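See structure below.
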Amino acid sequence: MSAGDKLKVALIGAGGAAGSLGLPDGFRSAGSWGMQHARIWSSRPDVDFCAIVGRDEARTRAKAESFGTRAYTRIADMLAQETPDLVSMCLPNQGHFDATLEVIRAGVPLLVEKPLVFDLREADILMNEAAKNNVFFAINFNHRFAKPVELAYAAIAEGRLGEITFASWRFGGDGGGAHPHANLIETQCHGIDMLEHLCGQIESVMAEMTDKTGGGYRTMSLALRFRGGAVGSLIGTYDSSYAYPDTHRVEIDGTRGRSVIHDTVKRYTFHASGSEIGESWEAGYFNDADREFHRTFDKHADALLQALRAGRRPPVEAAAGYRALLVAEAAIRSFESGRRVTVGEL
């Protein structure tokens, strides 16, 4: 570690990343998601933000100077000269594999953005290499750290919902990607992870998808069965708008109650079974931290650095990204075959 017991953190990705929501650059008021990585690591008093790595020398140098850190254009050079305690990676969605593999083989702890990769063969290589090198390997499913999600998780853990019977996820906006299943793999991976985080592993999938607007299968509907016996649904699209109210909604029903999450960070409600009187949470007037979507990443960073310092496993392991890709692949096979497909074991 650097002086003062600060953790040395380096960022791979100098900008232009597709971002954690898959939103077009013009929509993300705080800039690209890579800027969120830089903002967090440069502002923490317990972090020495030691470097930024990018492909374009001039742009990388400009960004590094703006955050008071050093610029590199080769990962190997940065790792050799900086010896970081953690590498944070935010690259274009379909450009994750090579850089991730290089850092894993160097044995450096890392946090990667979702999706893990688009190809299961590449995912297998990454997971096997990380296991072989015993690497701290985290993925940024930051939605888990939204206050409504934490409240839903606690309600389930405390038994307030009873036995879960069904769960639904709906998330729709505008965007696109070169891959025919971009929405499913790079954006709805959040939904797959959220449902498994709250309800347990998905056992099987039946899927319908449409390419009616061009640019791949931008809209889909999945029917899900969980290992615990509950059923569920996932609806995702790039043929909508993130400007619509309630563009994101999660509902979890059980034998004793129901929890609902609105727009990830906006609102949470709980109703006991048979009761017209419920509970609700919304951020208070001065509670900007829980009101702002970007701050879910700050909360993840808190948990991640605590785990790294303590020698524990990451709060959200890369295995969650592998699971999301397994479910996505099952959905693709289901759509192509017209049958129910069982999700492969991790």
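Just so it is clear, none of the values below were taken in a lab; they were calculated from the coordinates. No experiment lies behind these values; they were computed from the predicted model shown. Here the Cβ is made from the backbone with ideal geometry for all residues, glycine too, and neighbour counts use every protein chain on show.
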**Request:** Using the charge dipole of the range 3-135 (Lys, Arg: +1 at Cβ; Asp, Glu: -1 at Cβ; taken about the Cα centre), state which of Ala106, Ala10, Ser43 has its Cα farthest towards the positive end.
**Result:** Ser43
**Asked** Over the range 47-187, what relative contact order in percent results from Cα pairs under 8 Å that are six or more residues apart?
**Response** 16 percent
**Request:** Mind putting a number on the dipole of the range 204-346 about its Cα centre? Charges go on the C-beta only, +1 for Lys and Arg and -1 for Asp and Glu, and I need it in Debye to the nearest 20.
**Result:** 500 debye
**Request:** Assuming R0 = 41 Å, can you tell me the calculated FRET efficiency for the pair Phe286 and Thr255, based on Cβ-Cβ distance, to the nearest 0.05?
**Result:** 0.65
**Request:** With θ set to phi - 60°, apply the Karplus curve 6.51 cos²θ - 1.76 cosθ + 1.60 along the range 128-134 and write out the HN-Hα couplings as whole Hz, x wherever there is a Gly or Pro.
**Result:** 5, 5, 5, 5, 4, 8, 6
**Request:** Give me the distance in nm between label points sitting 7 Å out from Cα along the Cα-to-Cβ direction at Arg312 and Glu208, one decimal.
**Result:** 4.4 nm
**Asked** Extension gain Leu120-Ala303, at 0.36 nm per residue separation less the Cα-Cα distance, in nm?
**Response** 63.1 nm
**Request:** Taking the dipole about the Cα centre of the range 220-278, with the C-beta of Lys and Arg at +1 and of Asp and Glu at -1, give me whichever of Ser240, Thr264, Gly229 is farthest to the positive side.
**Result:** Gly229
**Request:** Would you mind checking which residues have amide H under 5 Å from Phe118's amide H? H placed 1.01 Å from N; only 5 or more apart, or other chain.
**Result:** none
**Fill in**
Treating only Lys and Arg (+1) and Asp and Glu (-1) as charged, each at its beta carbon, one finds that the chain has a dipole about its Cα centre, in Debye to the nearest 20, of 160 debye
**Asked** Can you give the helix-only mean residue ellipticity at 222 nm for the chain, where every DSSP H stretch with n ≥ 4 adds -39500 (n - 2.57) and the sum goes over all residues, rounded to the nearest 500 deg cm²/dmol?
**Response** -10000 deg cm²/dmol
**Complete:** DSSP beta bridges in the chain: the antiparallel percent, rounded to 5, is 60 percent
**Request:** Please report the Cα spread of the chain along all three principal axes, rounded to whole Å, starting with the longest.
**Result:** 61, 48, 40
**Asked** Looking at the chain, how many pairs of lysines come closer than 25 Å at the Cα, when each pair is eight or more places apart or spans two chains?
**Response** 15
**Request:** Could you pull out the trypsin sites (Lys or Arg not before Pro) across the range 215-255 that fall in loop regions by DSSP (anything but H, G, I, E, B) with no more than 16 other Cβ atoms inside 10 Å?
**Result:** Arg227
**Message:** Taking the Cα centre as origin and putting +1 on Lys and Arg beta-carbons and -1 on Asp and Glu beta-carbons, what dipole magnitude results for the range 176-245, to the nearest 20 debye?
**Reply:** 100 debye
**Item:** Distance from the range 325-343 to the range 38-84 (C-alpha centre basis), Å
**Value:** 40 Å
**Asked** On full extension of the chain, what length is gained from Phe166 through Asp246, given 0.36 nm per residue of separation minus the C-alpha to C-alpha distance?
**Response** 26.8 nm
**Request:** Could you please state, rounded to a whole Å, how far the C-alpha centre of the range 117-141 is from the C-alpha centre of the range 155-212?
**Result:** 21 Å
